[in-house]
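What follows is a short report on a single structure.
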Amino acid sequence: MSTKIILDCDPGHDDALAMMLALANPEIDLLAVTTSAGNQTPEKTLHNAMRLLTLMHHQEIPVAGGNRTPLLKPLETAGNVHGKSGLDGAELPEPDFDVQPLTAIELIAQTLRASADPVTLVVTGPMTNIALFLRVYPDLKAKIAQIVFMGGAMGLGNWTPSVEFNIYVDPEAAKIVLNAGIPLVMAPLNVTHKAQIMKPEIEAIGHIDNPVAHAFTGLLNFFEIYHENPKWGFQGAPLHDPCTIAWLLHPEWFQTEKMAVDVETAGELTRGETVCDYYELTGQPKNTEVLLNLNREAFIQLIADSLKTF
Ligand code: RIB
Ligand code: CA
């Protein structure tokens, strides 16, 4: 029985890996892709999603673009991490299929209505589309099985000292989603910083002889550059977004804790911080399963094995 998902993403190098894992493993049924503004502008993330599906020969998957800006904040993008295109480091094909004549929330609604069973939303960028969807289609909330998202952190930040990028871009959207009463699985920086790919592992992927693996080798080598800065203390590059799909495929590889998680939206220094009640100090409902550790070697092997299937 495969897990039906919609991927809402802002490709982005690690979003691309999450999409690849979803396409390469039949236990996941990728019903649709929607794109958000985050790593790059809305035009570029949409174009990148289309290029990736063309590269991986999955033009049958419907794609729609979403938010132009966050709900309240002006858009801030991450060209310093992902490059001018949002997917620098590889020659990717131009899209050879059409985007859907729908907005992201219309495609999500259409997809949920068409599915007999509830669908998992996998969110690997800012949560603007999901917040808008919940506000426009509250009647379809019951068709969402769970939301598995990469974002936030406990006591860490990668965009400000206490805030992770996806939540930083749209804190208000994250607050709406985390308080919607939908089962949540969170892949915070605490686990994704342990999900590092090392240079020799990227080199090994470079020996996989197919165009998709060649492209991803280029993407990984580019993505590694930003994370070489000694301030991070990394040995490799943290693969944030694919942790979501890896959890869906192999939850046994992850150490998790259930806890109450909410989002600070008013803090002068902390706006966008995910406040995780690890010690159950608030008595709030434990709304989120938080991924805290993983079997890194198995995770990297999954990526290599998945790339070999193209
Ligand atoms: O902070 C990491 C997250 O921000 C990842 O989803 C990456 O793709 C960027 O969107
Ligand atoms: Ca992302």
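Couple of notes before you dig in:
- Tally, over segment 1-46, of residues that are out of contact with any strand residue (DSSP E or B) (no Cβ under 9 Å at 6 or more places or on another chain) and either among the acidic types (Asp, Glu) or more than 16 Å from ligand 1 (Cβ to nearest atom) (or both): 4
- Given (1) touching a residue at least 12 places away in the same chain (Cβ under 8 Å); (2) more than 17 Å from Ala174 (Cβ to Cβ); (3) assigned to a loop (DSSP other than H, G, I, E, B), number of the condition Asn80 does not satisfy: (3)
- Breaking point among (1) outside any helix (DSSP H, G or I); (2) in contact (Cβ under 8 Å) with a residue 24 or more places away in the chain; (3) within 18 Å of Ala187 (Cα to Cα), for Ile303: (1)
- Qualifying residue in segment 43-54 (condition: surrounded by fewer than 22 Cβ atoms within 10 Å (Cβ to Cβ) and more than 23 Å from Ala213 (Cβ to Cβ)): yes
- Among the residues of segment 119-136, those identified as more than 14 Å from Leu178 (Cα to Cα) and buried (at least 17 other Cβ atoms within 10 Å of the Cβ) are Val119, Thr120, Thr124, Gly125.
- In segment 158-180, the qualifying residues are those that are outside any helix (DSSP H, G or I) and away from ligand 2 (no atom under 16 Å from the Cβ), and the one that is surrounded by the most Cβ atoms within 10 Å (Cβ to Cβ) is Ser162.
- For Ala145, the requirement of being surrounded by 20 or more Cβ atoms within 10 Å (Cβ to Cβ), small (Gly, Ala, Ser), within 19 Å of the chain's Cα centre (by Cα) and at pLDDT 95 or above is not met.
- Residues satisfying the stated conditions in segment 1-29, i.e. of a type in the set (A, V, I, L, M, F, W, C), free of Cβ contacts under 8 Å to residues at least 60 places away in the same chain and either within 16 Å of ligand 2 (Cβ to nearest atom) or more than 18 Å from Cys243 (Cβ to Cβ) (or both): Met1, Met19
- The residues listed here are Asp170, Asp88; of these, the one that is acidic (Asp, Glu) and within 12 Å of ligand 1 (Cβ to nearest atom) is Asp170.
- Residue, nearest to the chain's Cα centre (by Cα), within segment 23-64, restricted to residues that are of a type in the set (Gly, Ala, Ser) and in a helix (DSSP H, G or I): Ala49
- Filtered residue count, segment 5-22, keeping only those that are of a type outside the set (A, V, I, L, M, F, W, C) and either part of a helix (DSSP H, G or I) or touching a Pro at 6+ places or on another chain (Cβ under 8 Å) (or both): 4
- Listing of helices (runs of 4 or more DSSP H) fully contained in segment 198-250 that carry 3 or more residues being away from ligand 2 (no atom under 16 Å from the Cβ): 199-205, 211-227
- Complete set of residues in segment 121-157 that are more than 16 Å from ligand 2 (Cβ to nearest atom), assigned to a strand (DSSP E or B) and either farther than 17 Å from Ile105 by Cβ or small (Gly, Ala, Ser) (or both): Ala145, Gln146
The values are calculated or read from the model by the stated rules, or taken from the named source; none is laboratory data. Remember, it's a predicted structure, so these values are computed and weren't measured experimentally. Cβ sites come from the backbone with ideal geometry, for glycine too, and all protein chains shown count toward neighbours.
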